[in-house]
1. If I stretch the segment between residue A:759 and residue A:111 completely, what's the gain in nm (0.36 nm per residue apart, minus their alpha carbon distance), one decimal?
2. Quick one: net charge around residue A:496, please, counting Lys, Arg +1 and Asp, Glu -1 for every other residue with C-beta under 12 Å from its C-beta.
3. Could you give me the ³J(HN,Hα) list for segment A:634-647, computed from phi with Karplus coefficients 6.51, -1.76, 1.60 and θ = phi - 60°, whole Hz, x at Gly and Pro?
4. Whose amide H sits under 5 Å from the amide H of residue A:225, counting only residues 5 or more places off or on another chain, with H placed in the peptide plane?
5. Please report the relative contact order for segment A:506-592, taking Cα pairs under 8 Å with a sequence separation of at least 6, and give it as a percent rounded to a whole number.
6. Please give me the summed charge of the neighbours of residue A:385: other residues whose Cβ is under 13 Å from its Cβ, Lys and Arg +1, Asp and Glu -1.
7. Would you mind classifying segment A:753-812 by shape? Square roots of the alpha carbon gyration tensor eigenvalues, ordered a ≥ b ≥ c; an a/c under 1.5 is rounded, otherwise it is prolate if a/b is larger than b/c and oblate if not.
8. Name the residues of segment A:306-334 whose amide N is less than 16 Å from a point 7 angstrom out from the Cα of residue A:380 along the C-beta direction?
Amino acid sequence: MQTNWIGKSSGAEISFGVKAMNYGNESSQLKAQGPQLTVYTTRPDTIFGVDFMVIAPEHELVETITTAEQKQAVEDYIAYVKSRSERERIAEKKISGVFTGAYALNPFDGREIPIWISEYVLAGYGTGAIMAVPCGDERDHKFARHFNIPVTNIIGGYYNGEEANPTKDAILENSGFINGMVMKDAIDVVINKLEEKGIGVRKVNYKMRDAAFSRQRYWGEPFPIVWKDGIAYPMDESQLPLELPHVDSYKPGPEGEGPLANIKEWALIPNSSPPAEKGAAKVPKYSVYAPVQYELAKQMRKEYTAAEGKLWEVVRDSKLGYKFRRQHPVDRYIADFICLQEALIVEVDGGYHSTDEQKLYDEERTKVLNTIGFEVMRVTNEEVINHPLKTGRKIKERIEQKRAESSQFTPLHEVEKGQGVRETNTMPGYAGSSWYFLRYMDPHNDSEFCSRKASDYWNQVDLYIGGTEHAVGHLLYSRMWTKVLYDLGHIGFDEPFKQLVNQGMIQGSSRFVFRIHGTNLFVSASLISDNGTYDGKQLDKLHADVNMVDGFELDTETFKKWRNEEYADAEFILEDGKYICGSEVEKMSKSKFNTVNPDDLVAKYGADTFRMYEMFLGPVELSKPWDTKGIEGVHRFIRKFWRLFADELKGLVVMEEEPTAAELKVLHNAIRRIENDTERFSFNTAVSNFMIATNELTDLKCHKRKVLEPLLVLIVPYAPHIAAELWSLLGHTTSVIDQPYPVFEEKYVKETSKAYPIAINGKTRTEITIALEATQQQVEELVLADDTVKKWLEGKAPKKIIYVKNKMINVVI
RNA sequence: CCGGAUGUGGUGAAAUUGGUAGACACGUCAGACUUAGGAUCUGAUGCCGUAAGGUAUGGGGGUUCGAGUCCCUCCAUCCGGACCA
């Protein structure tokens, strides 16, 4: 599960010479001898199958190697790539590319290989260039077909001419010195040869995910960092720990920082050091982005559109009175223009923002940027080009309006000069969760995180139960820190957890309302036609809060008052006087308004019922939508269990008599099954075994202490509150938690006979009770004497009688 | 597209090694006790059929005396990942 995240791949980096020729770029000094093009590949064994090379549009060699004839085509292509948003590039599978006019040389046979540019190669991964082997790689193959590049087959019959085959088992053909070798084995041979010739090196590549160790949120450990003059200083150890202060509001700070920025007393540190440049301390706060993005932004800064160029002239050098940057990475996006001090982003809409999909993307982008505190303003290409100065004034007006609105806050950058400013971002969830289990072993230690003595005693965590997201995020980092601490000798184990169980998610059951697009009219679900329209009109599908829906029926009055009366003017098209909602099972999430508050259920049924009901829903590792339908059953069980001990009127009814064989059998069956279920995390069947035992004891009218006390100990992990309560009701003064676990004894559940199912040709027809120690012959006699069996035999003799002791009997006719 | 998981009644589900499919609950129906019942208790309840019986674990095929379980294949849903060279 974690391999995708660590993204380790091993292969080789290979340098290809580029054929010397007359390049379009006259200033190139590489006319005599071509430059080197370095690629990364996991499959060096396919080197003789390289039919073309592809470099990323942002690749540094693009300008250098493009020939004069291809110059225009390449420029057009790069302009096209630039015009596409990051997301389009990732989402669309469109094949596009352009030939540079240059050729690389195969280091082994000198074959000339055309070099292409295509957006399917990413600047940020590997070297930003690949060697394309169409017969072995599907993307390369599609590219080759699209541009009619001849395909060299190096894998013989494994390649059918239609589809690439990424096999490693083929025997190589058309492959020079590795002809006849199996591909797997050739990988090493080629790498060795490359290294020998000095044109390549063995290399392991990693991709990093979630590398940014910072969040603009409240909940997280604060960084012990103080910014001064734009430089981060770690706090002195004597001032640690830095504690998360109380906040009244979790809203973003005045400039879109984390909520901590709202607490001036905490964030600002009086200081007499030299005055910081205005705003300097804030700049790095927005620098939470991947290096790839930084590179991309740099590139984009060089290749701006006409409108962007004009607007830059208007806003650059604080001409508007505010400092603007252009093509600046923010979160996962790159903003066209940004004024960090005022948290305003100005986007220039090119002509390509016209389709619905692009609009959706823009909306989402705006939403994300808003969430982290930026206001997004859009201007069109036309207005910038026709009225650049007017656009500038418009931007300035917007800023001033924004300042007026937020004047109740003192923006951090306006504080007295010379003050330090705390980092207001906090650490991500996995920061603390990566090692807290170690701290738990020694929580009061104030000289180190955990003494070696304590960690040696407690050792690894026996069992880790978590969801699948945790398995990648949290587990990955706890494993890393554990390994680091082990290498440093602070702990004696290098894996944090002995066993992992992935529990499923409790999903939400969302409810939807359907609004006719552009109106306040809401249509009840079953009136909507199959193609998702009503009366031919488009509908907006909106989440409605599940708490104002009874089953599927919407409480329309509550709905009108919902979200500060956002839908106060709503009108409804009902069916049978009701508004029926649509429903879907989704992840439970506040944004989907499908969360339910367990407090209400706990108040109604108690925590034990709630706990057991969650267990009873099904296997832990499965996800299922939250549904309270069955909770009554569990609650009834708990009351029934209670009645074994006490009567509403008579109080305690426990008797001291010796239990009967039947009662002991119930108890010991329960011990065996529940112990077994608990050990294999089959909590749902354990709960049902408690129910079975309780039902059986109720039927036996058993209220005997010697049966009930062990049962109480069994139930402690499942219903701890009532277990403790009943334990004390039984007159004990010690805790039930300290009781030894009941021991199963075979002798109480031993049977002497069994009611065997009798099957004729595999189909069960009747049942005969036979002693367990019966022999094959005795069984056959008994079975053949049975009326039902005789009826099915119709006087014939059976071919065979299969007798499996303690299981079943099958008569084959 | 890749990887992982899951498909069983009206519903949540059970079925240690291939051996009585649907335990335990919810729901529904009938009944008891009740002024009442959203309390408690009893019984019934996969589907078709009066019954005998037939049929049934996503679809199709196979192995076996016997398959929810093992094998092949197709389909659906969910989760995770994804231009990763």
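1. Full extension of this stretch gives 225.9 nm more.
2. On the way: positive: A:479, A:483, A:498; negative: A:462, A:494, A:495.
Charge balance near residue A:496 sits at 0.
3. 5, 5, 4, 4, 4, 5, 5, 4, 4, 5, 5, 9, 9, 10
4. Distant-sequence amide H within range of residue A:225: A:235, A:423.
5. Computed value for segment A:506-592: 43 percent relative contact order.
6. Summing Lys/Arg as +1 and Asp/Glu as -1 gives -3.
7. On the way: a/c = 1.66, a/b = 1.53, b/c = 1.08.
Prolate shape, in that a/c is at least 1.5 and a/b is the bigger ratio.
8. Zone members listed by number: A:307-308.
Rule-based calculations on the coordinates, nothing more; no lab input. Because the structure is predicted, anything quoted here is derived from the model rather than measured. Quick reminder, even Gly has a Cβ in these numbers, built from the backbone with ideal geometry, and neighbours come from all protein chains shown.
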